[in-house]
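Read the figures in this text as sums done on the coordinates, not as results from a lab. For clarity, every value in this text was computed on a predicted model and none was experimentally measured. Glycine gets a Cβ as well: all are built from the backbone with ideal geometry, and neighbour counts include every protein chain shown.
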Amino acid sequence: MNFNPALNIRLSKDVKEAVRFYTKDEVNKIIEASSGFFKVYLQIAFNTGMRTGEILGLQLGDFEDGYISIKRSRTKGIVGSGKTWNAQRRVPYPSFIYDEVRKIQTNNIFIFGNTDDAGKLDYLWRQCVLDAKVKKLRLYCTRHTYATLMLNSKLVSINELAGLLGHSSAKTTLDKYASVLGSESIDLGKDFSLYGDNTVTVYQGEDDKVRKIGL
């Protein structure tokens, strides 16, 4: 063979794009700039991390005892059971959201009526972030914002977050949000010792003071 068949093969780089999200201050600005049913949509999205289709598939009966029962997803008018095998789940929500939902309720079985696809929200989203004077991210980043702020606030573990997001496994969640879990967010305390003092070398200096040397 006079040539190397692998010469022009390029290996893909295993580089994951950093998760993009809004800060708490930006979320408040976005909510304040929104109105009508879209404001209710955003309140649910930012406070539950639900997927767009899951929110558009909500019915009033799905709200019960402080939890939303996610039973279906609605995209382009098609109602399905969800993106993953464990997409059907229960997520907690702030109590004020139910009152807001009741205000926009119509005779339609779905809370958001004929709005049955994310594409129908594009214009409202563009106008909202423009009025709020914040950076424009995809509407889906409401989900990333929820997940990131939950982790940064140390309100949930990766396993718990995986359940709330309806991921098929905690590995999926970790792969997506590993960049959020920076070492600076871990507080082990100044006296942290993984194996206890019995593994720390103790010596006495010339001044007769006892000192400890870390691992």
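Near the amide H of residue 75, under 5 Å away, which other amide H atoms are found, from residues 5 or more places off or on another chain, if H is placed in the peptide plane?
Sorted by chain and number, the residues that satisfy this are 80.
How far apart, in nm, are two points set 7 Å out from the Cα along the Cα-to-Cβ line at residue 96 and at residue 133?
In this crude spin-label approximation the distance works out to 2.2 nm.
Once phi is turned into ³J(HN,Hα) by the Karplus curve 6.51 cos²θ - 1.76 cosθ + 1.60 with θ = phi - 60°, what whole-Hz value does each residue of segment 61-75 show in order, with x for glycine and proline?
Karplus-based 3J(HN,Hα) across segment 61-75 equals x, 6, 9, 7, 6, x, 10, 9, 8, 8, 10, 7, 9, 10, 9 Hz.
Tally Lys/Arg at +1 and Asp/Glu at -1 over every other residue whose Cβ is under 10 Å from the Cβ of residue 164; what's the total?
Summing Lys and Arg as +1 and Asp and Glu as -1 gives +1.
With a cut-off of 11 Å, note down the residues of segment 94-110 whose backbone N falls inside the zone around a label point 7 Å from the Cα of residue 79 toward its beta carbon.
Of the residues in segment 94-110, 109-110 have backbone N under 11 Å from the label point off residue 79.
Say the cut-off is 29 Å between C-alpha atoms; which of 29/71; 103/171; 135/176; 120/171; 136/176 go over it?
29/71; 103/171; 120/171
Mind checking the full-extension length gain between residue 105 and residue 60? Use 0.36 nm per residue of separation minus the Cα-Cα distance, one decimal, nm. Show your work: numbers first, answer last.
Numbers: separation 45, 0.36 × 45 = 16.20 nm, distance 0.80 nm.
Net length gain for the segment: 15.4 nm.
So how do 25-35, 90-100, 42-52 stack up, highest first, on mean other-Cβ count within 10 Å? Working shown, then result.
On the way: 25-35: 16.3, 90-100: 13.4, 42-52: 22.3.
In descending order of packing, they fall as 42-52, 25-35, 90-100.
Which whole-Hz ³J(HN,Hα) couplings does segment 108-115 yield from phi under the Karplus relation 6.51 cos²θ - 1.76 cosθ + 1.60, θ = phi - 60°, glycine and proline marked x?
For segment 108-115, the Karplus curve yields 5, 5, 9, 4, 9, x, 7, 7 Hz.
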